[in-house]
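The values are calculated or read from the model by the stated rules, or taken from the named source; none is laboratory data. Worth saying up front: this structure is predicted, and the values here are computed from it rather than measured. Neighbour counts are summed over all protein chains in view; Cβ atoms, including those assigned to glycine, are modelled from backbone coordinates with ideal geometry. For the accessible areas, the whole protein counts, side chains as well, though only heavy atoms, and no ligand, DNA or RNA atoms are used. Shrake-Rupley method; radii C 1.70, N 1.55, O 1.52, S 1.80 Å.
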Amino acid sequence: MITISGKSVFGGVSIGKLMFYKRNEKVIKRTHVDDVDAEWVRFQQAKEAAVSQLKGLYDKALEDVGEANAMIFEIHQMMLEDLDYLESIENIIRTQEVNAEFAVATTSDNFQKMFAAMDDAYMQGRAADVKDVSERVLDILCGVNEGMKAMDEPCIIAADDLAPSETVQLDKSKVLGFATMYGSSNSHTAILARTMNIPAVIGLGEALLPDYDGKIAAIDGFTGKLYIEPDDETMAEMKEKRAKDLEQKALLEQLKGKENITKNGRKINVYANIGNVSDVGTVLKNDAGGIGLFRSEFLYLENTDFPTEEQQFSVYKQVAENMAGKKVIIRTLDIGADKQVDYFGLDKEENPALGYRAIRICLTRPEIFKTQLRALYRAAVFGNISIMFPMIISVDEIHQIKEIIKEVKEELKAEGIPFKEDVELGVMIETPASVMISRDLAKEVDFFSVGTNDLTQYTLAIDRQNAKLDRFYDPHHPAILAMIKMAAENAHAEGAWIGICGELGADLELTQEFLNMGLDELSVSPSMVLPLRKRIRECE
């Protein structure tokens, strides 16, 4: 048995096979071939295999996220049949007598540059599609698996760390837990684990070897330990611990349908944070009163091009309908910083957390913003949707947003497209600037939602993704609590309501303090809804 110690980010016990997340690693070299006919046939076989993969992805996406979101895989199939694309590859193979890998990579580069140079935004977007389909063919030619080999059985995912774009591709129904070499308690792997209600241990370091792939392991999410091939005594201990944990969860189930009300009659709304349509079932299962944060950027992370208005409308409408009149707060895209998307073409920044991100992208690239707002206002007809804007630092930004909303409404009206006129608007309180001007902001919007992860980062001047700074990262810091209290007082002074959608909302040690501050709502991972309800009902 091998024991590796790390840091727990979600409790519980998980037992199963370890599966390492494998990223594509391939080097494309130019090599001479004697038989160009055979090389062309080799390419055609790889292309057919890629088309077959895309058909499978289309069918899966159709079932999971609907036709509008599945269309991208159909478009990619069509691109692989494009005559110009195929003729270029064949010409390079035959005239230069080179291998198919080099011909595909060269064609891909040439086509990407050609599309990127065009004036039309739609055609520019095709550059990312060419790259994506070409990478798929190259993976097949090089014998490289896609990012994750097929998950035939439930397993514990092991990795150095996982980016948001990687976590969205996992088959979540087969993930038993996470074990990562690096990452912080605020990383996306940690947030996903809390959303999915599964154990996770991070910061295991170099001791987590790829050699352990396929071995039986146990995660103790309470102590932060990972056991590789646990001995009989440890396995028995882990099974007993898991049984007690499940027993506790069964007791919490009895709180379903009960009010989030303190001993002296104070009620507080408990909502859930999600990042995908597929998470809505978990929200309902855990009896949340609504969705306090729908991270719309995952729509962008899952796509290889800007999601269309119809794609977005379909997703927002589905969430609103599924929640059947319960509040659904959708945050406009929060791309940038640690959430990078290739097709946005964002420059590398020295300090991305303080850089070009979230509302700053929306206000400087209004065509992207307007597409999302059109979809949101249309979907609001089908349920109780509110819209929330991230990274606000000035009242002027709210005025700009309202001007763009006015344009969107006028366009929809002129086109005869139904939309909801009076959608509730809110802002994220996640910068010290937004706290200091919160009284003025409250005059402009209906609600605040405190993003405690970023508020802590910016107030303490600590990069929340840097694991070396975990000992200095203190979300209980008096300055953070004072800022939340100030924002709450200013919101109520102007008739706005206020909630928390950051990780701190689920900190049961602070529940009483949040109630004392007068917070109206706490939005947490679905798995924390019932524990939070229990804590609220114990409070004075």
In the range 212-227, anything aliphatic (A, V, I, L, M) and farther than 14 Å from Phe178 by Cβ is listed as Ile216
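Of the residues Ala414, Ala375, Ala442, Ala461, only one is out of contact with any strand residue (DSSP E or B) (no Cβ under 9 Å at 6 or more places or on another chain) and under 22 Å from Ala482 (Cβ atoms); which? Step through it out loud before you land on a result.
On the way: Ala414 fails: under 22 Å from Ala482 (Cβ atoms); Ala375 fails: under 22 Å from Ala482 (Cβ atoms); Ala442 fails: out of contact with any strand residue (DSSP E or B) (no Cβ under 9 Å at 6 or more places or on another chain).
Ala461 is the lone residue from the list that is out of contact with any strand residue (DSSP E or B) (no Cβ under 9 Å at 6 or more places or on another chain) and under 22 Å from Ala482 (Cβ atoms).
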Check Leu425 against each of (1) of a type in the set (A, V, I, L, M); (2) in contact with an Asp or Glu (Cβ under 7 Å, 6 or more places away or on another chain); (3) within 21 Å of Gly495 (Cα to Cα); (4) touching a residue at least 40 places away in the same chain (Cβ under 8 Å) and name the one condition it does not meet.
(4)
Specify which of the listed residues (Leu333, Leu299) is assigned to a helix (DSSP H, G or I) and within 17 Å of the chain's Cα centre (by Cα).
Leu299
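Being basic (Lys, Arg) and modelled with pLDDT of 95 or more narrows it down to one residue among Arg378, Arg365, Arg357; which is it?
Working: Arg365 fails: modelled with pLDDT of 95 or more; Arg357 fails: modelled with pLDDT of 95 or more.
After ruling out the rest, the residue left standing is Arg378.
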Hits in the range 424-437 - residues which are in a helix (DSSP H, G or I) and either among the polar types (S, T, N, Q) or out of contact with any Leu (no Cβ under 9 Å at 6 or more places or on another chain) (or both)
Ala433, Ser434, Met436
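Of these, Asp347, Asp279, which one is charged (D, E, K, R) and farther than 23 Å from Arg194 by Cα? Break it down stepwise before answering.
Values: Asp279 fails: farther than 23 Å from Arg194 by Cα.
Just a single option satisfies the conditions, and that option is Asp347.
Quick one: which helices (runs of 4 or more DSSP H) sit completely within the range 438-539 and have at least 2 residues that are within 22 Å of Arg266 (Cα to Cα) and open to solvent by less than 40 Å² (accessible area, probe 1.4 Å)?
Details: elements: 438-442, 452-460, 478-493, 511-517, 529-538.
So the answer is 478-493, 511-517, 529-538.
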Given (1) open to solvent by less than 30 Å² (accessible area, probe 1.4 Å); (2) modelled with pLDDT of 90 or more; (3) not in a helix (DSSP H, G or I); (4) not aliphatic (A, V, I, L, M), index of the condition Gly289 fails
(1)
Answer yes if at least one residue in the range 295-318 is aliphatic (A, V, I, L, M) and closer than 30 Å to Leu460 by Cα, and no otherwise.
yes
I'm trying to understand the selection: among the residues of the range 272-290, which are touching a Lys or Arg at 6+ places or on another chain (Cβ under 7 Å) and more than 30 Å from Arg126 (Cα to Cα)?
Asp287, Gly289, Gly290
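Is it the case, given these coordinates, that Leu284 is buried (at least 18 other Cβ atoms within 10 Å of the Cβ) and within 30 Å of Thr371 (Cβ to Cβ)? First the steps, then the outcome.
Working: buried (at least 18 other Cβ atoms within 10 Å of the Cβ): no; within 30 Å of Thr371 (Cβ to Cβ): yes.
Against the criterion (buried (at least 18 other Cβ atoms within 10 Å of the Cβ) and within 30 Å of Thr371 (Cβ to Cβ)), Leu284 does not qualify.
Give the residues of the range 257-313 that are closer than 21 Å to Ser527 by Cα and of a type in the set (Lys, Arg), sorted by residue number.
Just the residues of the range 257-313 that are closer than 21 Å to Ser527 by Cα, to begin with: 257-262, 267-296, 298.
Hits for the range 257-313 are Lys258, Lys267, Lys285, Arg295.
Just for the range 1-44: of the residues that are free of Cβ contacts under 8 Å to residues at least 24 places away in the same chain and not acidic (Asp, Glu), which one is nearest to Asp139 (Cα to Cα)?
We begin by selecting, within the range 1-44, every residue free of Cβ contacts under 8 Å to residues at least 24 places away in the same chain; these are 27, 35, 37-38, 41, 44.
Next cut, not acidic (Asp, Glu) only: 27, 38, 41, 44.
Numbers: Val27: 10, Ala38: 19, Val41: 17, Gln44: 14 Å.
Checking each candidate, the answer is Val27.
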Of the candidates Glu403, Glu430, Glu424, Glu397, the one satisfying the condition of being open to solvent by less than 10 Å² (accessible area, probe 1.4 Å), under 21 Å from Phe369 (Cα atoms) and within 29 Å of the chain's Cα centre (by Cα) is Glu430
The listed residue being within 30 Å of Leu299 (Cα to Cα) and surrounded by 14 or more Cβ atoms within 10 Å (Cβ to Cβ), out of Lys172, Lys241, Lys225
Lys172
Restricting to the range 342-383, give me the number of residues that are open to solvent by less than 50 Å² (accessible area, probe 1.4 Å), farther than 22 Å from Glu430 by Cα and part of a loop (DSSP other than H, G, I, E, B).
2
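Please find, within the range 119-147, the residue that is nearest to Ile198 (Cα to Cα) out of those that are open to solvent by less than 40 Å² (accessible area, probe 1.4 Å) and modelled with pLDDT under 75. Give the steps one after another, and end with the answer.
Going residue by residue through the range 119-147, those that are open to solvent by less than 40 Å² (accessible area, probe 1.4 Å) are 125-130, 133-134, 136-139, 141, 144, 147.
In the following step, the residues that additionally are modelled with pLDDT under 75 were identified as 125-126, 128, 144, 147.
Details: Gly125: 37, Arg126: 38, Ala128: 34, Val144: 30, Gly147: 22 Å.
Filtering the range 119-147 for residues that are open to solvent by less than 40 Å² (accessible area, probe 1.4 Å) and modelled with pLDDT under 75, the one nearest to Ile198 (Cα to Cα) comes out as Gly147.
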